[in-house]
Each structure stands twice: as structure tokens, then as C-alpha cells.
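To start, the structure itself, in C-alpha cells.
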Amino acid sequence: MTEHAHRAIMPTRKPARPFFSSGPCAKPPGYSPAKLATHSLGRSHRSKLGKARLAHCIDLMRELLELPATHRLGIVPASDTGAYEMAMWTMLGARPVTALAWESFGEGWVTDAVKQLKLAPTVIRADYGALPDLAAIDWTHDVLFTWNGTTSGVRVPNAEWIPADRQGLSFADATSAVFAYDIDWAKIDVATLSWQKVLGGEGAHGVLILGPRAVERLETYTPAWPLPKVFRLMAKGALNEGIFTGETINTPSMLAVEDAIWALEWAKSIGGLKGLMARSDANAAALDKLVAERDWLSYLAVDPTTRSKTSVCLSVVGADAAFIKAFTAALEKEGAAYDIAGYRDAPPGLRIWCGATVDTADIEALGQWLDWAFHSLRS
Ligand SMILES: Cc1ncc(COP(=O)(O)O)c(C=O)c1O
């Protein structure tokens with residue numbers, strides 16, 4: 001039997017949890033909806049109990065993120081997009097803006113800065129797989145960027161490129177990055193995230209983190225455009241501090257909140273931020289081994305220091321969109337891997353989530369299935 005034919009034989013061992021989507025991501029190991037606390041459901045989110053659960057969720061996030069006391073953290077509507085748009089619409093316009101884009105989500109923030117807010121930002125771009133020149137940024141500007149570009153698998157290596165004495169504010173869309181990388185919070189004025197990524201929580205709510213300079217901006221600047229109620233962070237001329245203690249602007253899903261609390265408590269039980277990062281690192285290393293062993297697989301990210309450890313994007317030699325569609329459909333049909341096609345706007349390829357809720361043994365088990373799909377389609 002040739003090696004080729006051998007590899008086209010269907011493997012026997014499947015990933016136990018074949019959930020490799022880059023959002024919503026796999027639920028934490030051991031998760032079951034039956035394990036969620038439900039005493040806050042059916043109660044007002046403004047009751048003593050509702051507020052206590054929201055505050056508990058906020059406290060757990062602060063602890064897990066190792067967020068310094070200088071930064072506020074609140075739960076806001078509309079997932080990561082809601083949180084990031086809220087920051088853009090409430091704080092931009094005070095000074096010039098630079099927007100960085102190297103994949104679809106960063107490009108989305110550029111579009112809104114240009115077409116909706118009409119800010120004429122300086123745009124610094126790079127193609128899928130590369131990072132733009134971070135040294136070219138004028139830090140008298142406010143700077144919009146995505147910490148981990150989920151659709152190209154390219155991330156910023158660290159926060160060293162953000163100067164401590166910047167005049168503008170740094171706005172990090174950090175949804176695929178937090179809980180997987182060390183974040184130097186002193187360099188971050190605004191960060192946003194959502195629960196359905198590294199935590200394996202539910203969508204719906206965003207999380208907004210504000211450093212002291214962002215709060216100062218809110219308190220001293222009023223944008224020229226109108227703000228819908230769900231974006232308003234100021235009340236009667238002062239910051240609405242309630243948002244950062246669990247008094248949400250409008251009604252949250254307490255089920256999503258309880259689900260996030262469960263995920264955060266799981267994260268605590270495995271060693272907090274370090275434990276989460278260790279799991280993500282182990283997954284990325286296991287995937288790296290698979291890639292190194294196969295000459296038909298390669299990374300979309302060119303530079304290993306900017307390669308994502310969460311949303312890992314891979315190129316398959318000779319594959320076009322139709323090949324990737326057939327490849328991923330075959331794996332899905334067998335229940336071996338779900339949702340591993342690259343993002344719709346990215347070059348055709350695979351994207352395999354390596355965040356902390358994925359088990360390393362499942363990444364390892366994926367290797368032979370990728371071989372099977374590749375060689376079956378090629379033959
Ligand atoms: C980097 C990045 N930004 C924004 C979003 C949009 O997030 P949401 O659907 O939570 O609003 C995503 C979703 O995958 C993302 O990966």
C-alpha cells in the first residue's frame with residue numbers, strides 16, 4: 001500500500017470534543033448547562049441578587065485578567081462589537097485617528113471610522129498574513145487596533161510598541177486575545193472583549209475596559225454626533241460608575257451572565273490566567289507539530305512572533321474555496337472537526353481555535369483526520 005493510500009484511510013479515533021470554531025468557541029471541559037447557577041433567572045437584574053451576580057462576574061473577570069485598580073471594567077450590550085463601537089462613538093473625534101488593519105475585523109473598524117464617523121483616519125494596512133509597520137504610528141493620534149486578528153491569525157507580539165508617554169489613546173479590540181496573552185494594561189486605554197472566545201462563554205454581552213486616560217476623555221469631551229442610549233457612558237455630566245459595578249445600561253441575559261460565571265470559575269480552578277495561557281500554549285504547540293509534519297500545511301501568518309496562539313490560520317497547498325468547502329464538509333459529516341474553514345473574507349484556508357477551552361488531545365487527534373480529508377479529496 002502506498003503511503004498516499006494509507007493516509008486516505010479513515011482514522012478510528014475522533015477528537016472527543018471536535019469543537020474548533022473561533023467563536024463561539026468550545027465550552028470549557030466538563031461544562032453542562034445543568035451545572036449553571038439559575039437562582040438569578042426570572043429575577044430582576046436590578047434586584048439585590050441580580051446586581052450581586054453581575055458584580056461577581058465583573059470581579060471574577062478583573063481577577064482573571066489581572067486587571068490593575070487603575071482600570072474600570074463593565075458589562076455592556078452587543079458583544080465585542082457593541083463594546084468597541086461604544087468606545088469609538090463616545091471618545092473619537094477629539095484628536096486625529098490612526099486605524100490599523102491587517103484582516104477583516106480591523107478593516108471593519110476602519111470602515112466605521114471613515115464612513116460612519118467621517119473621521120478621515122490615517123489607515124496603516126497590511127495584507128492577510130502580515131502585520132503593518134507599528135513603528136510608523138503617530139502617537140499624537142488615537143490609535144485603533146485589533147490585538148489578535150481572528151481572521152488572519154496575526155497578532156501584535158506585545159505592547160512594547162505602544163509608548164508610555166503617548167498623547168492619543170490606545171483602543172484595543174482584544175476579544176480573541178485576552179485570557180491567552182499577557183496584556184500590559186498600562187499601555188491600554190480602552191480594551192473590549194466578549195465571553196464566547198477564550199472563556200467559551202456565550203455571545204450577547206460585551207465587556208468594556210477603560211483606563212484612567214479614557215475616563216478623562218469621556219469626562220472632558222463630548223462628540224459632535226448623537227449617541228444612542230446603549231452607547232451612553234456619561235450621566236448628568238459624570239461617568240456612569242454604576243456600569244462598572246453591575247448596573248447595566250439595559251437588561252442583560254442573566255443566563256449568559258451565569259454561563260460566564262461558570263466559565264470564569266472553571267478558569268480559576270485551573271490556575272487563573274496562567275492556567276488559561278498554558279492550555280492555549282499547549283494547544284498551539286500541538287498544532288504546530290501537526291503543521292511541521294505535513295508539507296501540504298503552512299501558516300498564513302508569515303512571522304512566528306506575530307502568529308496567533310488562539311485563532312490559528314493555515315493554508316492548504318493548492319486549495320481554493322471549493323476545496324476547503326469540501327474538506328471541511330467531509331470532516332463535519334464524520335463529526336471529526338466542526339467549523340474549521342477560514343473566515344469568509346480571508347484567503348481560502350483552515351482556522352483552528354487553540355484557546356484554553358479546547359483540549360490538547362483533541363488537537364492531536366485532528367492530525368490524522370486532516371490527512372484523511374486531504375488525501376481522500378486529492379485522490
Ligand atoms: C477580533 C474580533 N473583533 C470583533 C469580533 C466581533 O465580535 P462579536 O461578534 O462578539 O461582536 C470578532 C468575532 O469573531 C473578532 O474576532
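The values are calculated or read from the model by the stated rules, or taken from the named source; none is laboratory data. Remember, it's a predicted structure, so these values are computed and weren't measured experimentally. So basically every Cβ, Gly included, is an ideal-geometry build from the backbone, and we count neighbours across all protein chains shown.
Below, the figures for the structure above:
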quantity	calculated
Check on T248, assigned to a helix (DSSP H, G or I) and of a type in the set (S, T, N, Q)	no
Scan of segment 181-198 for residues that are away from the ligand (no atom under 12 Å from the Cβ) and in contact (Cβ under 8 Å) with a residue 40 or more places away in the chain, ordered by number	Y181, D182, I183, W185, A186, I188, V190
Residues satisfying the stated conditions in segment 343-360, i.e. closer than 18 Å to Q196 by Cα and assigned to a loop (DSSP other than H, G, I, E, B)	Y343, C354, G355, A356, T357, V358, D359
Selection count, segment 86-110, where residues are under 26 Å from I249 (Cα atoms) and surrounded by fewer than 20 Cβ atoms within 10 Å (Cβ to Cβ)	3
Pair list, Cβ < 7 Å and 6+ apart or interchain, from segment 96-111 residues that are farther than 18 Å from S170 by Cβ and of a type in the set (D, E, K, R) to residues that are outside any helix (DSSP H, G or I) and within 13 Å of the ligand (Cβ to nearest atom)	E103/G149; E103/T151; E103/S152; E103/V154; E103/A346; E107/A101
Residue selected from segment 297-330 under the condition assigned to a helix (DSSP H, G or I) and either among the basic types (K, R) or in contact (Cβ under 8 Å) with a residue 60 or more places away in the chain (or both), by the criterion nearest to S176 (Cα to Cα)	T306
Evaluation of T70 against (1) of a type outside the set (A, V, I, L, M, F, W, C); (2) farther than 19 Å from P223 by Cβ; (3) within 15 Å of the ligand (Cβ to nearest atom) (one fails), failing number	(3)
Considering residues of segment 142-180 that are within 16 Å of the ligand (Cβ to nearest atom), of a type in the set (A, V, I, L, M) and under 21 Å from T90 (Cα atoms) only, the residue surrounded by the most Cβ atoms within 10 Å (Cβ to Cβ)	A174
In segment 330-369, the residues that are over 25 Å from the mean Cα position of the chain (by Cα) and among the hydrophobic types (A, V, I, L, M, F, W, C)	A330, W369
Number of positions in segment 109-124 that are outside any loop (DSSP other than H, G, I, E, B) and in contact with a helix residue (DSSP H, G or I) (Cβ under 8 Å, 6 or more places away or on another chain)	5
Exclusive hit being part of a loop (DSSP other than H, G, I, E, B) and at pLDDT 95 or above, set A16, A55	A16
